[in-house]
Structures are given as C-alpha cells and as structure tokens.
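Working notes, structure below.
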Amino acid sequence: YVKRVQEGSIHVYFRGNNRQNVFYDDADRISFLSRCGYYSNKYDSVVQEFVLMDNHVHLQLQTNQLTRLMKSMLVSFGHYYNKKHNTSGNLFQSPFNSVCKYSDEWKIDSMLYILQNPLAAEICKHPKEYKWSSYHFHFNGNTPLKKYIKVDTDLIDN
C-alpha cells in the first residue's frame, strides 16, 4: 500500500468500470463539469486542465485535499449517472490514478498530454476541434463551458 500524494499539481485519471462509457450525451458531460467545478471550489482546489473522453477523464488539479475532492466528485456524479440511466453499482474503476507533477516542465508536459488525448484517440486532428476539453479556455478563450467550470490556464498561457 502506497500513500497517495494529496497536495500539489496532480494529474488525475480514471475510467469507467470495465472500460464502459461514462458520458453518453452533453448533459452527462455538463453534469460532470459542474460537479468538478463545485467540488474543486469546495475543497479550495484549482482545475488546470481537463479532457472528457467517452469512457475516461484526465484532470490536472492544484489541490491539497486530493482524495476528499475526488471521492466527493466521483460519488456525486455516480449518483447522478445511476439515477439518470437507471443503473446501480460502481460507475468508475476504483481507485482513480494520480501522479504529482513537481516541476513546471513536468506540469506543462502533463497538461499538453491531457489536451492531446482526443488526437491520440483519433477523434480529431487538432485540439480546437474537440469541445470537451479545457483547450478553449486558453488565451482568454470564449467557451460556453465557462458556465460550469473554472480553469486556471496561466501556466501554459504565460
């Protein structure tokens, strides 16, 4: 058993149980982003990047309460999902994975990896073509997703 790092700039990733989809429509994605925004604020944390794929999520978070934040957010979204889709049980593989990024270079590499996830999955040819990532938050970007979640893009933007 290894104790999980709770503080710092942390790349978090998790996938649906048995690799099943966790997002079937825009309402699911918006619900997740709203919860991510709410719980990151509640636990005095900052979302630095995100990408929502159909069956998994990548987040870069600045936090000092990683497990509390993630547990609250994932349990809340799981309840929403099970009620909406008339299912039960664990939505996500447990536990989530996390890697603390200690240098700015390592943080930026992680953030770029997150933003390029849809390209690696061959969903699009450029991150700007993928709606469900923090790409459109950069450089004072105008995205309707700002209604649901706040993203601190300063490290890459600067």
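The values are calculated or read from the model by the stated rules, or taken from the named source; none is laboratory data. Note that the coordinates shown come from a computational prediction; the quantities given were computed from them, not determined experimentally. As a convention, Cβ positions derive from the backbone with ideal geometry for all residues, glycine included, and neighbour counts pool all protein chains shown. Keep in mind that these areas ignore ligands, DNA and RNA; they rest on the heavy atoms of the full protein, side chains included. Shrake-Rupley method; radii C 1.70, N 1.55, O 1.52, S 1.80 Å.
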Please report the net charge: other residues with Cβ closer than 13 Å to the Cβ of residue 4, K and R +1, D and E -1.
+2
Can you spot the lysines whose alpha carbon is less than 21 Å from residue 101's alpha carbon? Ignore those fewer than 8 places along the same chain.
3, 71, 150
Using alpha carbon centers only, region 8-34 is separated from region 134-158 by a whole-angstrom value of 18
If exposed GluC sites (Glu not before Pro) are those in a DSSP loop with at most 15 other Cβ within 10 Å, what is the longest stretch of the chain that has none?
8-121
Any idea what the relative contact order of region 85-150 is, in percent, if you count C-alpha pairs under 8 Å spaced at least 6 apart?
14
Report the gain in length on full extension from residue 87 to residue 158: 0.36 nm times residue separation, minus Cα-Cα distance, nm rounded to one decimal.
21.2 nm
Whose amide H sits under 5 Å from the amide H of residue 92, counting only residues 5 or more places off or on another chain, with H placed in the peptide plane?
17
Taking trypsin sites (Lys or Arg not before Pro) that fall in a DSSP loop and have at most 11 other Cβ atoms within 10 Å as cut points, what is the longest piece of the chain between them?
4-124
Would you list, by chain and number, the aspartates and glutamates whose Cα falls below 16 Å from the Cα of residue 107, excluding same-chain residues fewer than 8 positions away?
7, 49, 152, 154, 157
In the chain the accessible area split gives carbon plus sulfur, as whole percent at 1.4 Å, a share of 47
Which whole-number percent is the relative contact order of the chain (Cα, under 8 Å, 6+ apart)?
32
Computed over region 1-135, protein heavy atoms only, probe 1.4 angstrom, the accessible area per residue in square angstrom equals 54
Cβ-Cβ FRET estimate between residue 100 and residue 128, R0 fixed at 30 Å, reported to 0.05:
0.55
With θ set to phi - 60° and the Karplus curve 6.51 cos²θ - 1.76 cosθ + 1.60, what are the ³J(HN,Hα) couplings of region 3-20 in order, to the nearest whole Hz, using x for Gly and Pro?
6, 6, 5, 9, 10, x, 8, 10, 7, 10, 8, 7, 9, x, 4, 6, 6, 6
For the chain, what is the calculated [θ] at 222 nm in deg cm²/dmol (nearest 500), taking -39500 (n - 2.57) for each run of four or more DSSP H residues and dividing by its residue count?
-11000 deg cm²/dmol
